[in-house]
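Before any comments, here is the structure.
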Amino acid sequence: MTTATAAGGIVIDKDVAVPMRDGARLMADVFRPKGDGRVPALLNLGPYQKDKLWVVPPALEEKQNDWMNWETVNPEWWVPRGYACVRVDGRGSGRSPGQCEPWSLAEAIDFHDAIEWAAAQPWCNGKVGLTGISYYAINQWFVANQQPPSLKAMIPWEGFADIYRDALYHGGLLNVFMTNWFTAHLMHHKLGRASQTMPDAWKVNTLDFWLSNNLDSGAFHGAQAQWDRITVPFLSVGNWTGFGLHLRGNTEAFARAASKHKKLRIHTGSHVHPFYTEEGRQDQVRFFDYWLKGIDNGVMDEPPVKLAIRHGADKIVWRHEQEWPLARTQWTKLYFDLAPQDGAPEYSAKLVRENPKAAHTRSYVTSHLGTMGSTSAASSQVMGGGGIRPNMGVALETPPLDADMEVTGPLAASFWVSSESEDMDLFLTLRHFDENGTEIMETGQQGAPVPVAKGWLRVSHRELDPKLSTPGRPYHAHKRRLYLKPGEIVKVDVEIWPTSMVFKKGHRIRLDVQPRDGVGSQGYMHYHADYNSGRNTIHAGGQYESYLLLPVIPG
């Protein structure tokens, strides 16, 4: 360990050995105020390497300095405000020996031990808070399952809470972002600078573990929030455009965690920028000041929910609410009308206010022939547009709205399907079109334009958990596969991740139902198994009542 004092009276302890219960030692850096005073610790633990400098984007409100580290707090801002910032390299990453097991029970136990170590240090007041984006948000839920005594507050900023439903298997469909993420960090530790100090790390076959457990069998128990055990005060922070990763975990946390002191904030746009804005930092520091320093600043007297209500094309208005989902929600059904339309494209259909009396069907091919010989594989491997086929499947659209309509909350679609194959994949995209037919897109979590919301379901995973399902948020059990028989018509309930959008008078709402990833899926594509062949059919009207369920908020 080395200790130095930098400008501003910030003391930096480098490569501090943090003991684990099994005798292992993880390496940490501590940034703390100079002097003998005791302060709260803000801690993160993970595989992103504490010594790896993050070169920040020009538009970030935090300016570049030698201590910037990906998705963690900036010590230059936090230490002068009376906090110690502790960065721990997780086991098998950065400078910490061992084998890395991302988002595992083993990691959660290490995190527990690191929290208790920090609380016992002479510079700490015995209170530890957790904060950070993405990875450093996700494993906050999992260590909170362990209830470390010194953990007094946490701010999971854009972090999934159920590795199966939120991250690996969207509706039972493999999210290849996750396999790509693992491969990237495996390469960092096998081929990058980290390999110079730890050439034998990352030998645990995490990919095989993830792919082998493609039902929710209990294998991921250590990487799923146990809501009855999460009692620590928390501020859960989501992003409306994080519908390929994270958002669901943040809303589920607020709705289901046992904690009596919890808050929810949902913003929009970039994955990292809001965390480093003055507005975002003030939300964080006020919460921590209250719980870690005992400053009665009124933060817990304010409404518990803070939402960025979207008005299209990145325009937002912040609004405070008392609950989630909103108590005044008017659950509104827009029914599928699949009747043929003269002169309309083959894929075009309607969303209407009443269930059509007559039943109709609409069939579509599940793949297009390509030149790569892999059109039955992942979307990312088929030809054209990164595998995204904008006009495959069925596009259901409202007529021009006769008044503004705010949609804020969880949403779902319930409809009837059949297939020529033993299974079928459903990709739902909620889209927004103006009076001229131009699509209104938002800046997404990863910077690319994205639509309003998305949902997914592999039809063999359609079985619901009736105890956990709600009208706007069907909860799938994922315990077994119910394969289709050719021509068998079954009902499906598809969870569409929460959203907020004010659709203006004259605008149209469109729902795409497709066999592949639709528009705005860049970064969060999915693997399609080789049964994706032949034709799929949607049934609606008459006895096949099919609809999009929207959480409409009255004006």
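The values are calculated or read from the model by the stated rules, or taken from the named source; none is laboratory data. If you're wondering where the values come from, they're calculated on a predicted model, not measured in any experiment. Glycine gets a Cβ as well: all are built from the backbone with ideal geometry, and neighbour counts include every protein chain shown. Protein only, heavy atoms only, side chains kept; ligands, DNA and RNA dropped before computing areas. Shrake-Rupley method; radii C 1.70, N 1.55, O 1.52, S 1.80 Å.
Annotations for the structure displayed:
- Just so you know, in the range 286-323 the residues that are part of a loop (DSSP other than H, G, I, E, B) and within 22 Å of the chain's Cα centre (by Cα) include one that is nearest to ALA118 (Cα to Cα), and it is PRO304.
- Residue, modelled with the lowest pLDDT, within the range 192-234, restricted to residues that are among the hydrophobic types (A, V, I, L, M, F, W, C) and in contact with an Asp or Glu (Cβ under 7 Å, 6 or more places away or on another chain): VAL204
- Of all residues in the range 103-135 being aromatic (Phe, Trp, Tyr) and open to solvent by 10 Å² or more (accessible area, probe 1.4 Å), the one that is nearest to PHE234 (Cα to Cα): TRP103
- Against the list (1) at negative phi; (2) at pLDDT below 95, the condition GLY373 fails is (1).
- All conditions but one from (1) under 19 Å from ASP337 (Cα atoms); (2) of a type outside the set (Lys, Arg); (3) surrounded by fewer than 23 Cβ atoms within 10 Å (Cβ to Cβ) apply to THR429; the one that does not is (3).
- Cβ pairs under 6 Å, 6+ apart, first in the range 347-362 and in contact (Cβ under 8 Å) with a residue 24 or more places away in the chain, second open to solvent by 60 Å² or more (accessible area, probe 1.4 Å): TYR347/ASN391; ASN355/GLU545
- ASP208, sole failed condition from (1) acidic (Asp, Glu); (2) closer than 23 Å to LEU130 by Cα; (3) surrounded by fewer than 17 Cβ atoms within 10 Å (Cβ to Cβ): (2)
- Hey, ASP296 within 25 Å of VAL79 (Cβ to Cβ), open to solvent by 60 Å² or more (accessible area, probe 1.4 Å) and free of Cβ contacts under 8 Å to residues at least 12 places away in the same chain or not: yes
- The set of residues in the range 3-23 that are modelled with pLDDT of 95 or more and out of contact with any strand residue (DSSP E or B) (no Cβ under 9 Å at 6 or more places or on another chain) comprises ARG21, ASP22, GLY23.
- One residue from VAL513, VAL490, VAL459 being crowded, with 23+ Cβ neighbours inside 10 Å, over 20 Å from MET441 (Cβ atoms) and more than 18 Å from the chain's Cα centre (by Cα): VAL459
- Top-ranked residue of the range 528-553 - restricted to ones that are at pLDDT below 95 and of a type in the set (D, E, K, R), ranked as most open to solvent (accessible area, probe 1.4 Å): ASP530
- On inspection, ALA84 passes the criterion of being touching a residue at least 24 places away in the same chain (Cβ under 8 Å) and either open to solvent by 10 Å² or more (accessible area, probe 1.4 Å) or over 23 Å from ARG265 (Cα atoms) (or both).
Residue by residue, here is whether (1) hydrophobic (A, V, I, L, M, F, W, C); (2) over 27 Å from LEU151 (Cβ atoms); (3) not in a strand (DSSP E or B) holds:
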position	(1), (2), (3)
MET178	yes, no, yes
LEU186	yes, yes, yes
SER195	no, yes, yes
ASP200	no, yes, yes
VAL204	yes, no, yes
ASN214	no, yes, yes
ASP228	no, no, yes
THR231	no, no, yes
VAL237	yes, no, no
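So that you can scan it fast, the table gives a plain yes or no per residue for (1) among the aromatic types (Phe, Trp, Tyr); (2) without any contact (Cβ under 8 Å) to a residue 60 or more places away in the chain; (3) farther than 16 Å from TYR48 by Cβ; (4) open to solvent by 10 Å² or more (accessible area, probe 1.4 Å):
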residue: ASP166; (1), (2), (3), (4): no, no, yes, no
residue: GLY171; (1), (2), (3), (4): no, no, yes, yes
residue: ASN180; (1), (2), (3), (4): no, yes, no, yes
residue: THR183; (1), (2), (3), (4): no, yes, no, yes
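- Failed item in (1) part of a loop (DSSP other than H, G, I, E, B); (2) touching a His at 6+ places or on another chain (Cβ under 9 Å), with GLY280 passing the rest: (1)
- Within the range 324-353, if we keep just the residues that are small (Gly, Ala, Ser) and outside any strand (DSSP E or B), the residue that is nearest to GLY518 (Cα to Cα) turns out to be ALA344.
- Where GLY218 falls short, out of the listed (1) touching a residue at least 40 places away in the same chain (Cβ under 8 Å); (2) open to solvent by 10 Å² or more (accessible area, probe 1.4 Å): (1)
- The set of residues in the range 441-456 that are of a type in the set (Gly, Ala, Ser) and either assigned to a loop (DSSP other than H, G, I, E, B) or open to solvent by 60 Å² or more (accessible area, probe 1.4 Å) (or both) comprises GLY444, GLY447, ALA448.
- Selection status of TRP157, within 27 Å of SER212 (Cβ to Cβ) and among the aromatic types (Phe, Trp, Tyr): no
- Residue in the range 17-30 that is in a strand (DSSP E or B), under 11 Å from TRP123 (Cα atoms) and in contact (Cβ under 8 Å) with a residue 12 or more places away in the chain present: yes
- Scanning the range 253-269 for residues that are in contact (Cβ under 8 Å) with a residue 60 or more places away in the chain and out of contact with any strand residue (DSSP E or B) (no Cβ under 7 Å at 6 or more places or on another chain) returns a single hit, ALA255.
- Condition met for ARG91 (touching a residue at least 60 places away in the same chain (Cβ under 8 Å) and surrounded by fewer than 16 Cβ atoms within 10 Å (Cβ to Cβ)): no
- Counting residues in the range 304-312 that are open to solvent by less than 30 Å² (accessible area, probe 1.4 Å) and of a type in the set (D, E, K, R) gives one or more.
- Selection over the range 1-37 of residues that are open to solvent by 80 Å² or more (accessible area, probe 1.4 Å) and within 32 Å of the chain's Cα centre (by Cα) gives a count of 2.
- So ASN180, is it farther than 30 Å from ILE295 by Cα, within 20 Å of the chain's Cα centre (by Cα) and among the polar types (S, T, N, Q): yes
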